[in-house]
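Quick note: the coordinates plus some simple rules give every number you see, no bench work behind them. Predicted model, so just to flag it, every value in this text is computed and none were measured. Glycine gets a Cβ as well: all are built from the backbone with ideal geometry, and neighbour counts include every protein chain shown.
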Amino acid sequence: MNAIKKILKYHTRDSASPQTLPDAWSWRRRLRGQRPVADFTIRTPLDYNDGEMTRRTFFTAVLGLSALLMGRRAFGEDEGTAEPIQTIHRSEDEWRKLLTPEQFRVLRQKGTERRFSSPLDKMTAKGEYRCAGCDLTLFTSEMKFDSKTGWPSFFTVIPGRVNTRLDHSLFFLRTEYHCARCGGHHGHLFEDGPPPSGLRYCNNGVALTFAPA
């Protein structure tokens, strides 16, 4: 009888509201003096009535798409089809024999050349810019622009020719890029370049060779 009185008391209190009756588990929890279990039903945009979709749902979708596009653009996957690159591996002694001391410092030890020291910074001739370590073409003259930073700069790269990684060597985070074939360090990628990419591949000139068209 006590159980029935509790049920009637609960139903009478909630009968004025248009809510549906709790399920069997909620009744059992109510009989034990506990609150009904919360509703954890996951709702999708299709479950909402007209005008009920929140701004959070909309902006989450927009931000997700933007992040995907930025990721593809930063890794050189925004245009063209990347050709497979066969990587090469050499010992440190082999690299020292193949490269000049300054090339070795930049390409193999991730050094940075002095600003305005490379003749390629002001190069305007038509041709290709290749990795000084393995002769892989990374950029063309059509991709180059004058960034006035003192280093050769490019607004895009031939798809698949460079790889990137996060660089924690300074007090702020940067994106470092290197040759996809030999792994030689070339420079850093910034998002302050010209249209259409908005990117700036800031390259050490000593890490490149130029092949006229």
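Here are a few things to note about the model shown:
- For segment 176-191, putting each phi into the Karplus relation 6.51 cos²θ - 1.76 cosθ + 1.60 with θ = phi - 60° gives couplings of 8, 10, 9, 4, 6, 8, 9, x, x, 6, 10, x, 10, 9, 10, 9 Hz, in residue order, rounded to whole numbers and with x for Gly and Pro.
- For the pair Lys148 and Thr209 in one chain, pulling the backbone fully straight at 0.36 nm per residue adds 20.0 nm over the alpha carbon distance.
- Shown here for segment 135-186: chymotrypsin sites (Phe, Trp or Tyr not before Pro) in loop regions (DSSP other than H, G, I, E, B) with at most 10 other Cβ atoms within 10 Å, namely Phe171, Phe172.
- In this simple spin-label approximation, Arg90 and Ala125 carry label points 7 Å from Cα along the Cα→Cβ vector, and these lie 2.4 nm apart.
- Compared with the alpha-carbon gap, the fully stretched path from Thr175 to Thr137 is longer by 11.6 nm at 0.36 nm per residue.
- Stretch gain in nm, segment Asn163-Thr112, where the contour uses 0.36 nm per residue and the Cα spacing is subtracted: 16.6 nm
- Diffusion coefficient of segment 89-144 by Stokes-Einstein, Kirkwood radius over Cα pairs, 10 °C, 1.306 mPa s: 125 µm²/s.
- Hydrodynamic radius (Kirkwood) for segment 88-212, which is based on Cα pairs only, to one decimal in Å: 14.5 Å
- For trypsin sites (Lys or Arg not before Pro), the sites in segment 145-205 that DSSP calls loop and that have at most 14 other Cβ atoms within 10 Å are Lys148.
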